[in-house]
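Read-outs: derived from the displayed coordinates by stated rules, not from any lab. Only a predicted model underlies this, so the values are computations on that prediction, with no experimental measurement involved. FYI the Cβ positions are ideal-geometry reconstructions off the backbone, even for glycines, and counts take in every protein chain you see.
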Amino acid sequence: MTAGTEHADDSWAGPHRLAAGPRDTLELPVSSLLPADSPRLNGEDSQHVQLLAASGAPLPPILVHRETMRVIDGMHRLHAAVLGGHQVIEVEFFDGTEEEAFITAVKANTTHGLPLTLADREAAAVRIITQDPQRSDRWIVAVAGLAAVTVAAIRRRSSPEGCQVTARIGRDGRVRPLDSTEGRRLARDAITENPEASLREIAAVGGLSPATARDV
């Protein structure tokens, strides 16, 4: 199989960046790869696999977690390759934690290929919130392709018991407190010490948004 255009969205720059420029590809035996930690609750769609195998069209390389050799994105393509009698498949490697690999799988499957169902995306959001409750609602919206109100509702019913989160990590990777009182105090102190500091610098010191820093 040769490279095509159906890659994950490399332009998305969350705290766990999904890609850093073009990746090198190589061919690996299909027998060397392990099943995905898939966000698909019902597994792969056999009809979609058959359509891919019958099309004969070149398909993009699959994305594989280097450490575990699990497929992150491309299980349908892998099954199609096996169905078509291929012994090897083109692979791109992903380097990161298993949690990052799962997030990458969710993001990839909301931007191309056979879309995740609503149930798949909601279950993925539950898992992300449970594993890492500091991720902001907007961050999860960007990963799972859900409405902000849906993510907020999932958080209310899925947050680990006793979990007291005082700050969240946004899409830009910055940590912002849920209660801005302390951030405002730090910003005021920074302004007093350095009245010439830029709005961006003041916001960074307090972990505030530029609008809140401007208000301070």
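Modelled spin labels at Leu41 and Leu26, positioned 7 Å past Cα toward Cβ, are 3.9 nm from each other. Paramagnetic label reach from Leu114 (point 7 Å along Cα→Cβ; backbone nitrogen cut-off under 12 Å): within segment 60-75, residues 74-75. Taking segment 91-115 and a reference point 7 angstrom along Cα→Cβ of Glu67, the backbone N atoms nearer than 11 Å belong to 95-102.
Rank His65, His76, Thr97 by how far each Cα sits towards the positive end of the charge dipole of segment 62-101 (+1 on Lys, Arg Cβ; -1 on Asp, Glu Cβ) and give me just the farthest. It is His76.
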